[in-house]
1. Would you pick out the residues in segment 94-131 that are free of Cβ contacts under 8 Å to residues at least 12 places away in the same chain and assigned to a helix (DSSP H, G or I)?
2. Of the residues Ala51, Ala67, only one is under 30 Å from His38 (Cα atoms) and surrounded by 11 or more Cβ atoms within 10 Å (Cβ to Cβ); which?
3. Return yes when Ala130 is under 30 Å from Glu45 (Cβ atoms), surrounded by fewer than 17 Cβ atoms within 10 Å (Cβ to Cβ), small (Gly, Ala, Ser) and modelled with pLDDT of 80 or more and no when it is not.
4. Assess whether Thr103 counts as being polar (S, T, N, Q), loosely packed, with under 10 Cβ neighbours inside 10 Å and farther than 26 Å from Gly173 by Cβ.
5. If you go through segment 70-95, how many residues are surrounded by 11 or more Cβ atoms within 10 Å (Cβ to Cβ) and under 22 Å from Trp139 (Cα atoms)?
6. Of the conditions (1) surrounded by fewer than 14 Cβ atoms within 10 Å (Cβ to Cβ); (2) closer than 29 Å to Tyr35 by Cβ; (3) of a type in the set (A, V, I, L, M); (4) at pLDDT 80 or above, Val158 clears all except one; give me its number.
7. Filtering segment 77-106 down to residues that are out of contact with any Leu (no Cβ under 6 Å at 6 or more places or on another chain) and of a type in the set (A, V, I, L, M), which residue is farthest from His66 (Cα to Cα)?
8. Of the residues Glu45, Glu33, which single one is modelled with pLDDT of 85 or more, within 17 Å of the chain's Cα centre (by Cα) and farther than 19 Å from Ile167 by Cβ?
Amino acid sequence: MAATGEANADRGQLGDGGQLGTTLRPERFALREAYRRHFQDHRRERAFLHAVGFTAGFAGCRVVTHAIRAGRGPFRNLSAGGRHLHHSTPGIIGQIALGYLWTWQVAIGTDPRRRAGSRAAALGAGLATALTLDEFALWFDLADDYWDSAGRKSVDAVVLFWGASAILLTGRGLVSEAGRALRDVERRRGGAAGTGRQLRQ
C-alpha cells in the first residue's frame, strides 16, 4: 500500500499524456529582472545598448547592401532629386540630432525612473554610428568606392568582431546568467525526462 501511495503521488506530478506538472517544471528565467539587476548603472547600460545598436546596424547595412547589389529582396537604392542618397546621410543627421539633445542633457539616463529615452538614444547613437562608419571611404576621398576595396571583407569581419566583443564586455554579467539559466533548464528537463520514464516503467 505504501509503495502504491508513493507511485500515485509521483503520478500526481504528471499531467495529461505523461507530461510533468508544476512540481518538476524548470524554473522560468526572468530576463527582465536579470537585465535590471545587471544594468543598475545607467552608464554601463548605455554602453551595452550602443554596442547592440552599432552591431545590429552594421550587420543590417551589410545584408541590405549585398541584397541590393545582387538584386534580391525588396531593397532598392534611395535617391533624392535624382541624386543617390548614401546611408551615411541619415547616420550623420542622427549623430547631429543626438548631440544637440545631449547638449541640453535630454535622454542621458540620470533619472533611474525614466530610462526609456536614454535607452532609445543609446541604441540610436549606435545605429547612427554604424550607418556613418559603413561608408568611411567617403570621409576622405568623397568617392563611392564602396565595393572597390580588396580588404572589404576583412574590414567587415573586424568591425563585427569589435561590436560583438563590446556587447559581451558590457553585458557579460547578463550573458553569463542567461547561459547558466539555459544550462539549468536543460539539466532539469533531462532529469525530469528520466523520472517520467521510470514512472512509466
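1. Once the filter is applied, which keeps residues that are free of Cβ contacts under 8 Å to residues at least 12 places away in the same chain and assigned to a helix (DSSP H, G or I), segment 94-131 yields Ile96, Ala97, Gly99, Tyr100, Thr103, Ala116, Gly117.
2. Details: Ala67 fails: under 30 Å from His38 (Cα atoms).
Sole residue among the options that is under 30 Å from His38 (Cα atoms) and surrounded by 11 or more Cβ atoms within 10 Å (Cβ to Cβ): Ala51.
3. Details: under 30 Å from Glu45 (Cβ atoms): yes; surrounded by fewer than 17 Cβ atoms within 10 Å (Cβ to Cβ): no; small (Gly, Ala, Ser): yes; modelled with pLDDT of 80 or more: yes.
When the stated conditions are applied, Ala130 does not pass them.
4. When the stated conditions are applied, Thr103 passes them.
5. Restricting attention to segment 70-95, the residues satisfying the condition of being surrounded by 11 or more Cβ atoms within 10 Å (Cβ to Cβ) are 73, 75, 77-78, 85-95.
If we keep only those that are under 22 Å from Trp139 (Cα atoms) too, we end up with 77-78, 85-95.
Of the residues in segment 70-95, 13 are surrounded by 11 or more Cβ atoms within 10 Å (Cβ to Cβ) and under 22 Å from Trp139 (Cα atoms).
6. (4)
7. Across segment 77-106, the extreme among qualifying residues is Val106.
8. Numbers: Glu45 fails: farther than 19 Å from Ile167 by Cβ.
Step by step, each of Glu45, Glu33 is checked, and only Glu33 is modelled with pLDDT of 85 or more, within 17 Å of the chain's Cα centre (by Cα) and farther than 19 Å from Ile167 by Cβ.
The values are calculated or read from the model by the stated rules, or taken from the named source; none is laboratory data. Quick caveat: nothing in here was measured; it's all calculated off a predicted structure. Positions of Cβ are backbone-derived with ideal geometry, glycine not excepted, and every protein chain shown enters the neighbour counts.
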